[in-house]
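What follows is one structure encoded as structure tokens, with my remarks underneath.
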Amino acid sequence: MFPGGKRLRPRLMLLAGQVFGASPQALSPAAACLELVHCASLVLDDLPCMDDAPLRRGQPALHLRFSQATAILAAFALLAKALAAFPQALARAGVPPAFCELWSVRLAQLVETLCRGQQGDLGLAGSAVTVEQLEEVHAAKTGAFFELAAQLGALAGGAGREAMACVAAFARNAGLAYQVIDDVRDVVCDPAGSGKPQGQDARAGKPTFVTVLGVAGARQLALELLATAEASLAPLGAAARPLAEFLDHVRTLL
């Protein structure tokens, strides 16, 4: 995990915590746990039986640099480390004790959701799909992770029920927008800048928001999702500015 990617999920958790007054230092161990889970998912996604990707973050994919067996074991080790460390990390973040067990279970459930989303993604290969089908798959692969990250930050800051709902809606739409942007970048970005091979999805026969809507249509959908995410923050007022700036950063990727 050390080459580092965008680290959007832990950043989102820290920013949501900032909105509600949680300490970034206190949140950092829990944010690191989320990045461990994300890195594990990337290692598995890159395997030949999944996306068969040769590059990750500008370097050879783990299974090519070492072996498929090592990559699989590394992914399991990352997941185990994250799940083992998470309860204590939540306590340090200031999450009330009554919620620590619940949210530890939710992280484990997220791993299952990510697996279900990946299975759905694999099942769409070579098929004619609709935008709605893609949204369902990526709500599990990306949206759910963004939602958990943002809600955890808000929870650590003592957000109430209505504020948590605003943050959840924001994160779901931001996560889906990011996936749409990732599909666009697969087509238009230079591998030197993205750290991933160009056109990987097309070579795998994988349907994306670009194959369904075209580049222009996918870009428009991403902008609409980002606008919806920003509108979800309105009830939080000026305090939500860090999350609005997060959306500004995601827009720059488009």
- Message: Can you give me the long-range amide H partners of LEU55? Hydrogens built in the peptide plane at 1.01 Å from N, cutoff under 5 Å, separation of 5 or more residues or another chain.
- Response: ALA61
- Query: Extension gain MET164-SER127, at 0.36 nm per residue separation less the Cα-Cα distance, in nm?
  - Reply: 9.6 nm
- Item | At R0 = 25 Å, FRET efficiency that the Cβ-Cβ distance of VAL215 and ARG57 yields, to 0.05 | 0.55
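In the chain, which helices (entire DSSP H runs) extend 15 Å or more along their own long axis, judged by Cα positions, while averaging at least 1.0 on the Kyte-Doolittle scale?
Numbers: long enough: 8-19 (16 Å, 0.72); 24-45 (30 Å, 1.04); 68-93 (36 Å, 1.27); 97-123 (40 Å, 0.13); 144-156 (18 Å, 1.43); 161-188 (40 Å, 0.46); 209-232 (29 Å, 1.13); 241-252 (17 Å, -0.43).
Those that pass (Cα extent of 15 Å or more, hydropathy at least 1.0) are 24-45, 68-93, 144-156, 209-232.
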- Task: Could you work out the relative contact order of the chain, using alpha carbon pairs under 8 angstrom and six or more residues apart, expressed as a whole percent?
- Result: 25
- Query: Which Cα, out of ALA89, LEU42, GLN200, lies furthest along the positive dipole direction of the chain (beta carbon charges, K/R +1, D/E -1)?
  - Reply: ALA89
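If a/c stays under 1.5 just call it rounded; otherwise compare a/b with b/c (prolate if a/b is bigger, oblate if not). Do that for region 48-144, with a ≥ b ≥ c from the square roots of the Cα gyration tensor eigenvalues. Show your work: numbers first, answer last.
Numbers: a/c = 2.85, a/b = 1.33, b/c = 2.15.
Verdict is oblate for region 48-144.
What ranking do 61-67, 40-46 get when scored by the average of other Cβ atoms within 10 Å per residue, highest first? Numbers along the way, then the final one.
Details: 61-67: 17.3, 40-46: 21.4.
Output ranking for 61-67, 40-46: 40-46, 61-67.
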- Item | Those aspartates and glutamates that a straight Cα-Cα span of less than 12 Å connects to LYS141, excepting residues fewer than 8 apart in one chain | ASP45, GLU112, ASP121
- Note on the structure: Placing +1 on each Lys and Arg Cβ and -1 on each Asp and Glu Cβ in region 77-232, then taking the dipole about the Cα centre, the residue among LEU102, THR142, VAL129 whose Cα reaches farthest towards the positive end is LEU102
- Message: Need the C-alpha centroid separation for region 103-127 versus region 143-193, integer Å.
- Response: 16
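Each reported figure results from applying straightforward, stated rules to the coordinates on display, with no laboratory input. Computed from a predicted structure; not experimentally measured. Reconstructed Cβ throughout: ideal geometry from the backbone, glycine too, with neighbour counts over all protein chains shown.
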